[in-house]
Amino acid sequence: MRRLPLPAAIVSAAALALPLLGVAAPAAFAADYVPGQVLVKYKAGTTRQAAVSVAHAASATGAGLTGGTAATAGGAHKLAVKRGASVASAVHKLRSDPRVDYAVPNYVAHASGLMPDDPGFRLQWNFSGEFGINMPDAWDLAKARKAPGGRGALVAVLDTGVAYQRFGRYRKAPDLAHFTRGFDFVDGDSHPNDENGHGTHVAGTIGQSTGNAMGAAGIAYQSTIMPVRVLDADGAGDTYAIARGIRYAVRRKARVINMSLEFDASVRASQIPDITSAVRYARQKGVLVVAAAGNQAGQAVAFPARARDATAVSATTIRGCLADYSNTGGDVDIAAPGGGRDAALSDDPYDVAHCRPSAPGQFIYQQTFTSSVRSFGLPQGYEGTSMAAPHVSGVAALIIASKVIGENPTPAAVEHRLESTARDIGAPGPDRRYGYGLLDAAAALR
């Protein structure tokens, strides 16, 4: 498996060609700059000999012009400040010379957004890669809105349970921190511990601790997870348990419900009235229900995502293509990274340009079980619309917590925000594969 490097943390910044007038003394520069370097632009008509003289007077070398250091597109040259001289002093002297248009330190910029130190973050192309969801910027935006990591949002995870507590043979996932009381509708008790790993992985995408030098990162890393177990150790669950789980989460004030589960494509709404009724009840009570579109590579979205009041999520790959397993159809609302191989698509220019079905795919990494319910790591193999849906749930939690669209937004308002800020991929406008487009967390919080 190819490991993805982090984006460059520091890049050189080109100085703006702005005249700086009335500078009387060497200044202290608050922003970061390259030690011992200055950018200078000489006025038109300045000869090389004159430029060398100007630089020498400022205790700098590398005047440029003909045969010297290469100029930027704006015409500036990079000078090296001599040992024992300061950048501030060199800049001051250069600016004082009438042959200099401007002189500035060689400032450095830093990659926009929080770049967490979690070791697994380098594997999370889905968060910061070319076709990720722009999480670094989103984390900064949430923090600026006084809701770092979605603090205050409550997300119910209806799944195989979550490794949320030390209880009997179970252990808490080391990189999950914020929980509220949940329930186990499979065994009928108050300990919805995970016996499969799927639910813990899903919960990690939503709320895994971030910036703690452990595991990987999570989208809404300070949101609270409500574990609701509706699927057994084999990942199977019935209508009765799922419907009860939805209503349980609503009654206990969840703002978002994530369901990374699907019924067979043959199941119709009339066969699961308890599910559709529960999803409708959630919407009426102000809860956004996010569900996986399904992994049958079908032309219709599976229930419960197909329910009118659910937000259906299809899956994309590292190349921004529809995943080969993802269901599609008119009920798809939005797309998010799910990993895996590209679908073989050739009827749309975007897909022709991006999809490489013969190329290997990439998994979605979060901390979950490895060899047993007591052993945790970042295992390979996780891909699917199950992995895509919690991306949307996590960003929804950030929207709610940050109050970017108001104090208490309705599910319709949150869904509209997600869709209207999505990155339009595939055919122009909403389409059957990507819905309104690829989830963009940063755009949703701006």
Trypsin sites (Lys or Arg not before Pro) within the range 186-273: DSSP coil, no more than 14 neighbouring Cβ in 10 Å: LYS253, ARG268
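What's the longest bit of the chain with no exposed GluC sites (Glu not before Pro), using DSSP loop states and at most 13 other Cβ atoms within 10 Å as the test? Display every interim value, and only then the final one.
Numbers: sites that count: GLU130, GLU407.
The longest uninterrupted stretch comes out as 131-406.
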Accessible area, probe 1.4 Å, largest first, for residues ILE405, ILE399: ILE405, ILE399
At most 15 other Cβ within 10 Å, DSSP loop - trypsin sites (Lys or Arg not before Pro), the range 169-226: ARG169, ARG181
Two-site label geometry, ALA344 and GLU130: point separation in nm, points 7 Å out along Cα→Cβ: 2.3
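Between ALA297 and SER89, what length in nm is gained on full extension when 0.36 nm per residue of separation is reduced by their alpha carbon distance? The partial results should precede the final answer.
Working: separation 208, 0.36 × 208 = 74.88 nm, distance 6.56 nm.
That works out to 68.3 nm of additional length.
Give me the percent of the accessible area of the chain that comes from carbon and sulfur atoms, probe 1.4 Å, all protein chains in place. Could you put the intermediate results ahead of the total?
On the way: 9480 of 18470 Å².
Of all accessible area on the chain, carbon and sulfur atoms account for 51 percent.
Over the chain, what is the percentage of antiparallel beta bridges among all DSSP beta bridges, to the nearest 5? Intermediate results must be reported in sequence, preceding the final value.
Details: 25 of 51 bridges.
In the chain, approximately 50 percent of DSSP beta bridges are antiparallel ones.
Kindly report the accessible area of the range 158-250 per residue (heavy atoms of protein chains, probe 1.4 Å, no ligands, DNA or RNA), in Å². Don't jump to the answer; show the numbers that get you there.
Numbers: 3070 Å² over 93 residues.
Per residue, the range 158-250 has an accessible area of 33 Å².
Taking every pair of alpha-carbon atoms in the range 182-230, give the share separated by more than 18 Å as a whole percent.
Working: 418 of 1176 pairs.
More than 18 Å apart: 36 percent of the Cα pairs in the range 182-230.
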For the range 356-373 versus the range 245-278, the gap between their alpha-carbon centres in whole angstrom: 26
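For a quick protection proxy, order the peptides 90-98, 307-315, 388-396 by their average other-Cβ count within 10 Å, most packed first. Walk me through the numbers on the way to the answer.
Details: 90-98: 19.7, 307-315: 26.0, 388-396: 32.2.
Descending packing order for the listed peptides: 388-396, 307-315, 90-98.
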Distance between the range 288-338 and the range 77-103 - C-alpha centres, whole angstrom: 58
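Can you compute the helix-only [θ] at 222 nm over the chain? Use -39500 (n - 2.57) per DSSP H run of at least 4 residues, normalise by all residues, nearest 500 deg cm²/dmol. Provide the component values of the computation, followed by the final result.
Details: 11 runs with 108 residues, N = 446.
Helix-only estimate at 222 nm: -7000 deg cm²/dmol.
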Environment charge of ASP331, counting only residues whose C-beta is closer than 11 Å and scoring Lys/Arg +1, Asp/Glu -1: +2
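In a shell of Cβ-Cβ distance under 10 Å around GLY361, excluding GLY361 itself, what net charge do Lys and Arg (+1) and Asp and Glu (-1) give? Present the calculation step by step, with values, prior to reporting the outcome.
Numbers: positive: ARG319, ARG341, ARG356; negative: ASP324, ASP342, GLU383.
Spelling it out: positives minus negatives among the neighbours equals 0.
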ARG308-SER372 pseudo-label distance in nm [points 7 Å out on the Cα-to-Cβ vector]: 5.0
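Using 0.36 nm per residue of separation minus the Cα-Cα distance, give me the extension gain between ALA359 and ARG48 in nm, one decimal.
On the way: separation 311, 0.36 × 311 = 111.96 nm, distance 5.34 nm.
Extra length available between ALA359 and ARG48 comes to 106.6 nm.
How far, in nm, would the chain grow between ASP189 and ARG169 when pulled straight, counting 0.36 nm per residue and subtracting the alpha carbon separation?
Taking 0.36 nm per residue and subtracting the Cα distance, the gain is 5.6 nm.
Per residue, what volume in Å³ does the convex hull of the Cα atoms of the range 281-433 enclose? Please list the in-between numbers first.
Values: hull volume 19.8 nm³, N = 153.
Per-residue hull volume (Cα only) is 129 Å³.
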Rounded to whole Hz, the Karplus (6.51, -1.76, 1.60) HN-Hα couplings of the range 266-274, x for glycine and proline: 6, 6, 10, 4, 5, 8, 10, x, 5
For P(r) over Cα pairs in 20 Å bins from 0, in percent, calculated from these coordinates, the label among (1) 23, 53, 23, 2, 0; (2) 18, 45, 25, 11, 1; (3) 25, 43, 21, 10, 0: (3)
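The values are calculated or read from the model by the stated rules, or taken from the named source; none is laboratory data. None of these values were measured; they are calculated from a predicted model. A quick note on method: Cβ atoms are made from the backbone with ideal geometry, for glycine too, and the neighbour counts reach across all protein chains shown. Side chains included, ligands, DNA and RNA excluded: accessible areas come from the protein's heavy atoms. Shrake-Rupley method; radii C 1.70, N 1.55, O 1.52, S 1.80 Å.
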